[in-house]
Structure formats: structure tokens, C-alpha cells
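Just so you know, all these numbers are worked out from the coordinates, no wet-lab data involved. Just so it is clear, the structure is predicted and the values come from calculations on it, not from any experiment. We place every Cβ from the backbone using ideal geometry, glycine too, and count neighbours over all the protein chains shown.
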């Protein structure tokens, strides 16, 4: 059995005790009123004649009505001090009038003492108790010939007063204890509900934390994979540039020098011609191999497709990943381009799209590749938030090579890169390369 069930059972037990006390109060009051009528009828029949009968009956009825419809009402609130005092004052007044005539209704006084103890705070108990005790003593004529009166009667009166008062004080304390227990049960229940709500909130926070950690871990794995892929691609590009700039250029220079020297070797022996021819062929073979390596190190997107096709595929994959509409436009007559030109334009397009995704908050992006007679133009235009000229986001590498790296890459081929933007008017990245 858990704590909640124990508290509910305790509250139910106290409820039964409270109901029993209420029935006990009613029994005592109504029995006392009935006994008073019997005593009046037996001992002082004169009171039951004429207007006296009507007055006694009316006062007893008023006492019972006040008791039943005020004190026993479910809406009666003992903490309402003014109402409690008014109720006791009215009952003491009725009791005083009855006890002036006869002591047959003394029992109502003892019951009224119990009521006063039940509904008043302890600091106010003595006042109604003393007043009621004084009225009861007056009704019993204890003060007429005191101290020469019947001591047995006096002792009996005070004994009954003490007995009934102690008993009703005990009942009142039990009732107050029940109210305190009920309040404690409510507090414990509220605390339990608060603890359950806190536990649910903590569980929700723990689940959110778990999801956040999982998302961070997934992002970390994706970032690591992207960094590895970027590193591989960068290394391939570096090797391609190195081969193109060193071996390929060296082989080209050797071939050119051998071809220029061949006409001047007419007087040398056939053996020298043969060696020169073999050197020229070896240089040409090395140049072809260097170009094959450069071609093999190109980006995968260019392996089986031309640059226009690679740009269209790039735009399509980027649009699916980012949710931003991206279109590719090709103007002019497409023509074969050197491998490094294609790689440079593709890398610039990739970095420009990455910057759009990270910074622009755009809804559409357009890639335009223009084949002109003396130049190649690549425009990447978005309708995003733009920026103030000279304060471009992504100007430094953040996982890629940024605008600075893009400019350096384009500059190696003798081209230029410019950025046009303004706040709220989108951004356009323009790359221009010579056609030759």
C-alpha cells in the first residue's frame, strides 16, 4: 500500500469519525431538549399553560433551528469568527431566558459549552464557558444561600459541569485534529502531484537532452565525414595542380626544346637522331601520363559528365538537401574546357551554394554558365537577405575556402571574382575567366 492510499484511508476514517460526531451532537441536543420538556411537564406543569407554553416551545424551537440550520449546516465555516460569535450570542440569550424559568433545560447549557469549544479558537473558550456556567448556576439556585447551601448539590453541579466540559473539549480537539489531518492530506497530495509533475518534466528534459546528444553526435559524424571528403578532394586538387604546374609543364618544355633542336641536328649521326627521337617520345609519353593523372584527379562530378551537366546535377542535389529551389541556365555554345578550368568553376559553384545555405536564407538560386567568344562567366544569384558590401559572411573559410579562397583559385587561372549584394536584395557571385 502506497502513501497515497494510506492517506486516503486515513481521510476516510476521519470522515466517518466526523459524521459520527455530528450525529452525536444532534442526538445530545435533541435528547436534552426532549428531556427538558419531560422534566417541565413532570415538575412544573404551570409552565405548560397559556402563553408560557407557547413561549417555552418557541424558545426551544428557536434553539433547535439555530443549531440545525446554522451550526450543522454544511456551509457553516468555523473560521468565520463573526458568524460563530453571533450564533453563540443568540443561543446564550435563548438559554438565559429558559434557565430563568426552570432548570429543566440545563442540559442544553452543557451542549452549548461543547459547541462553543468546537467553533471558537482556544483563546476565546473561557468567555462563553463562564457565561453559560453562570447561567446554569443561577438556574440551579446555587447562589441563593451560598455558602450555606446544599454542598452535595453544589458539588454535583460543578462535577457535571467539569465532566461535560472536559468531554466536549476532548470532542472538539478530536474534530480540530481531524481538520488538521485533512489539511495535511491535501498538502501531501499537492506535494505528490508537484513531485509527479516535476518528474515528468525531468523525464521530458532527459528525453530532449538524449535527442540533442543524438543529433549532435550525428552532426559530428556528418561533419567528420564531410571534413574527410573535403580533405581528400583538396588533396586531389593539390596533386592535380602540382602535376599540372610541374611535371606537365616540364614535359611540355622538354618536348618544345627537342622539337626546336631537331632541325639543327642534321649533321650528327643517326644514333644521335635516334636518341633525340627517343627523348622526345619519352617526354611526350610523360606529358600524356601527367595529363591523364590530372584528369583522373578531377572531381567525381566531372568524371562522366561535362561542366554544364555537372552544374545541373550539383544544383539538383543541393536543392534536395537544402529545400531551396535551384536552377541552372547555360547560354552560348558549350565547348570543351581545360580540366583545371572545369574544376575551378565547379568548386566555386559548390562554395557559393554552401554560403547561400549557411547565410542567405534564400528561396531561389540561379546558376548561369555563359560561353562567350573571349570569356567564360559563371553567375550564382540568390534572393536572400544580402549583406553590406565589404562585410560578406563566409569571407574566411568555414569548412570550405570562403570568398578569399575562391578568389585565389580563380586568380591562378588569370580570372576574377566579384560579389554584388545589398541588404534585402540578395547576392550575386560572378566569376570571369579568359576563354583561351
Problem set entry | Near-label residues of segment 357-384 by backbone N, under 15 Å of a point 7 Å along Cα→Cβ of residue 222 | 357-359
Exercise. Nearest 0.05, what FRET efficiency do residue 85 and residue 54 give at R0 = 35 Å with Cβ-Cβ as r?
Worked result: 0.75
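Figure the gain on full extension for residue 374 and residue 187 (residue separation times 0.36 nm, minus the Cα-Cα span) and round it to one decimal in nm.
That works out to 58.6 nm of additional length.
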Exercise. Quick one: length gained pulling residue 214 to residue 179 fully straight, 0.36 nm per residue minus the C-alpha distance?
Worked result: 7.4 nm
Seminar exercise, completed: Taking R0 as 22 Å and r as the Cβ-Cβ distance between residue 77 and residue 130, the FRET efficiency 1/(1 + (r/R0)^6), rounded to the nearest 0.05, comes to 0.30
Exercise. Rg and Dmax of segment 304-434 over Cα atoms: what are they, in angstrom?
Worked result: 13.8, 40
Problem set entry | Förster radius 56 Å - calculated FRET efficiency between residue 206 and residue 331, Cβ distance, rounded to 0.05 | 0.50
For this session: With a point put 7 Å past each Cα toward its Cβ, work out how far residue 284 is from residue 100 in nm, to one decimal.
Result: 14.8
Seminar exercise, completed: For residue 123 and residue 366, extending 7 Å from Cα along the Cα-Cβ vector and measuring point to point gives, in nm, a value of 8.6
For this session: Please give the contour-minus-distance gain from residue 321 to residue 425: 0.36 nm per residue of separation, less the Cα-Cα distance, rounded to one decimal in nm.
Result: 35.1 nm
Exercise. With labels modelled as points extended 7 Å from the Cα through the Cβ direction, what inter-label distance (nm, one decimal) is found for residue 38 paired with residue 434?
Worked result: 13.3
